[in-house]
Amino acid sequence: MHFHFKTSIFLILLSLAGVSEVCAQEPQYLFPATAFNEAEAAQLMGEGTARIRGTAKLRKRGVDYLPWQGDRIDLFPVTPYLLEFAALRKKHHKGKKIAAMSNEAFTYRIEGKFVDNKGTFEFRDLKPGKYYIATWITFEREYKETVQTGTEVGYNYYGNAVASWPIYTTYTHKYTLDDEVTGIVEVKSNGETVTTVISN
């Protein structure tokens with residue numbers, strides 16, 4: 001099995017929903033009350049012969065957004081600690097309070113990449129069990145702004161200015177944000193290939 005045990009800060013990279021939605025003050029990070037069992041996580045991450053194949057997408061205002069090839073997607077073994085974290089994330093993944101995972105728990109994951117621009121991913125060499133899959137997908141927003149860009153003047157027959165009115169121009173501003181997409185997938189037996197769709 002190929003996976004990374006990396007030292008990382010608290011799971012801040014899974015905590016911000018976009019530049020425009022970040023609070024001005026430092027958020028309060030909420031950690032699961034359940035103790036993280038490192039031995040249990042290590043056992044669940046042992047090598048097997050199963051696979052999880054699937055796609056990930058983010059749906060916003062009737063539009064489906066897909067990740068780019070090479071974007072990151074993570075897989076975590078489902079433990080009591082992880083289940084509590086996932087429940088916290090549903091309530092607190094942006095704003096003043098944000099659910100977070102301990103540095104120790106975050107090291108027990110498989111770090112994958114999307115293989116194309118259609119949101120396709122695959123995790124191999126998995127043992128039977130439940131897995132929590134998480135990624136971030138970029139989506140687009142826009143807003144319109146109307147500003148006065150000039151003034152037009154009306155003149156009479158003698159060349160005197162008798163009226164004026166403003167000239168307005170409407171600009172469309174586009175920007176991108178990120179939102180988290182997660183899902184729990186179960187592998188029931190060795191050698192199995194599970195197909196799934198991860199969406200919001």
Net charge dipole size for segment 36-121 [Lys, Arg +1 and Asp, Glu -1 on Cβ; Debye, nearest 20]: 800 debye
What is the fewest-to-most order of H93, H173 by other Cβ atoms lying within 10 Å of their Cβ? H173, H93
Under 27 Å from K90, Cα to Cα: lysines that are on another chain or at least 8 residues apart: K6, K57, K60, K113, K118, K127, K130, K188
Could you list T169, T79, T107, T34 so that the one with the fewest beta carbons within 10 Å of its beta carbon is first and the one with the most is last? T169, T34, T107, T79
Checking R109, R89, R53 against a Gaussian network model of the chain (alpha-carbon springs below 10 Å), the top fluctuating residue turns out to be R53
In what order do S164, S102 fall by count of nearby beta-carbon atoms within 10 Å, going from fewest to most? S164, S102
Compute the separation of the alpha-carbon centres of segment 59-99 and segment 128-200 and state it in Å as a whole number. 20 Å
Neighbourhood charge, 12 Å Cβ-Cβ cut-off, centred on I133 and excluding it, Lys, Arg +1 and Asp, Glu -1: -1
Computed from these coordinates, which is mean projected area of the Cα convex hull in nm²: [x] 11.7; [y] 10.3; [z] 16.0? [z]
Total charge dipole magnitude, the chain, about the Cα centre, Cβ charges on Lys, Arg, Asp, Glu only, Debye to nearest 20: 360 debye
Have a look at N37, N190, N160 and tell me which one the Gaussian network model of the chain (Cα, springs below 10 Å) gives the largest fluctuation. N160
Once phi is turned into ³J(HN,Hα) by the Karplus curve 6.51 cos²θ - 1.76 cosθ + 1.60 with θ = phi - 60°, what whole-Hz value does each residue of segment 131-147 show in order, with x for glycine and proline? 10, 9, 10, 9, 8, 10, 10, 7, 9, 10, 10, 8, 9, 9, 9, 10, 10
For the chain, what is the calculated [θ] at 222 nm in deg cm²/dmol (nearest 500), taking -39500 (n - 2.57) for each run of four or more DSSP H residues and dividing by its residue count? -3000 deg cm²/dmol
Rounded to 10°, Cα long-axis angle of helix 80-91 versus longest principal axis of the chain: 10 degrees
So who's got an amide H within less than 5 Å of the one on V187, skipping anything under 5 residues away but keeping other chains? H placed 1.01 Å off N, in plane. G129, K130, Y131
At 0.36 nm per residue, and after removing the present C-alpha to C-alpha distance, how many nm does the segment from A87 to V147 gain when stretched out fully? 17.1 nm
Work from the charge dipole of the chain (Cβ charges, +1 for Lys and Arg, -1 for Asp and Glu, about the Cα centre) and give the residue of F139, V197, Y175 farthest towards its positive end. V197
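We did not get these values from a lab; they are worked out from the coordinates using the rules stated. Just so it is clear, the model here is predicted, and its values are computed rather than measured. Quick reminder, even Gly has a Cβ in these numbers, built from the backbone with ideal geometry, and neighbours come from all protein chains shown.
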